[in-house]
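Below is one structure, written out as structure tokens; comments come after it.
FYI, it's all coordinate maths here, none of it is from the lab. Everything numeric in this text was worked out from a predicted model, so none of it was measured. With ideal geometry, Cβ positions are generated from the backbone for all residues, glycine too; neighbour counts draw on all protein chains shown.
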Amino acid sequence: MRDRRPNPIREAPFRWLLKAVPLGLLSGLPFALLHGPLTLRRVGMSSLVGLIFTLVMWSGLELGSGWVRRGGPGLASAQLRWLVLFTALFAACGLLARVAVGVNLLRNPGAAFLSYLVGFSISSSMVTYHTARSLAEAERALERARGEAAILILKAQLSPHTLFNALNAIAALIPADPRKAEAAVESLSGFLRRMLEALGRERWTLREEFDLIASLLELEKARFGDRLTVRLDLPEAEADREIPPLLLLPLVENSLKHGFRPKVGPCALTVAADASGVRVEDDGVGRVPGAPAGVGLAAVGSRLAAVGGSLEWPEALAGCVARVRL
């Protein structure tokens, strides 16, 4: 796991020293109080020991954090690596204190062990926090990558798929009803214009998505004729809400292809938005429980997960209901 957290030692070492040195000197005062009456020599030695421990431990945590979190997924691996690193740093602090100040921490093993436990507990909580945050950031980055990959797949699938369906419908209309064929060509032109706009955008409004769906359904009426009844319900309060483009279109196409194509008789489709999301409901042949999602539906789920939403399939008495939570 790559460490993306800012490193104050590498990026601003002097600013870090201005924080670390006073903190280190002050951290030695409690040890001076615990080991007898306060004298200038005792306060000075304790402050220097505190400074050594602060500089070594803090710099070790900052510089070694990447190595700690590269040990593998999860917090347990990071804690084990930090235990190894902390023990090495603590030993280095003891050696420096002996050489620089003349303080032998091993004269009082109990106090040294207590200091080790307290220091490890405090620093371990910091490691846990930063590791958990890094894991969360990595998971969010992965979801964003999945969403970006999904939209690329969706773009590659939707344009030719819809175009071929529309051209087949127009070809069937030309000998039977040239006027309807001409109107269908105009609808196709409007649909492709909106589709090209969607492919070049990262966000757009629910109003624009509903306009695109309306263009598609105008084309589909050329195939279904009077059998297809459509209701698009977009409250004005939700019309300017931003969503990823082409988010709802695969759900509508799913109803048309899998719900209505095998059905005999009238077909009704509803696309309705409210404060919590959008519902796409049809009275087609229904969805097979546990059926694997196709490319379009998988892309919708991945893109919603990347922005914190979800795709749900509530039970329906007839037909199929898809619920997009935004």
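Here are the numbers:
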item: Region 143-325: relative contact order as a whole-number percent, Cα under 8 Å and 6+ apart; result: 25 percent
item: Most to least packed among 243-249, 198-204 [average Cβ atoms within 10 Å]; result: 243-249, 198-204
item: Sum of side-chain charges, Leu256 neighbourhood, beta-carbon under 12 Å (Lys, Arg +1; Asp, Glu -1); result: +3
item: Neighbour net charge for Ala183 - beta-carbon separation under 10 angstrom, K R +1, D E -1; result: -1
item: Which of Glu242, Glu208 has the fewest Cβ neighbours within 10 Å, and the rest in rising order; result: Glu242, Glu208
item: Relative contact order (%) - criterion: Cα under 8 Å, at least six apart; region: region 224-326; result: 29 percent
item: Glu186, Glu197 arranged by Cβ crowding within 10 Å, fewest neighbours leading; result: Glu186, Glu197
item: Cβ-defined net charge surrounding Arg279, 15 Å radius [Lys, Arg +1; Asp, Glu -1]; result: -4
item: Tally of Lys pairs whose C-alpha atoms are under 20 Å apart, taken over region 143-325, 8 or more apart or cross-chain; result: 4
item: Cα-Cα separations in region 185-303 greater than 23 Å, expressed as whole percent; result: 30 percent
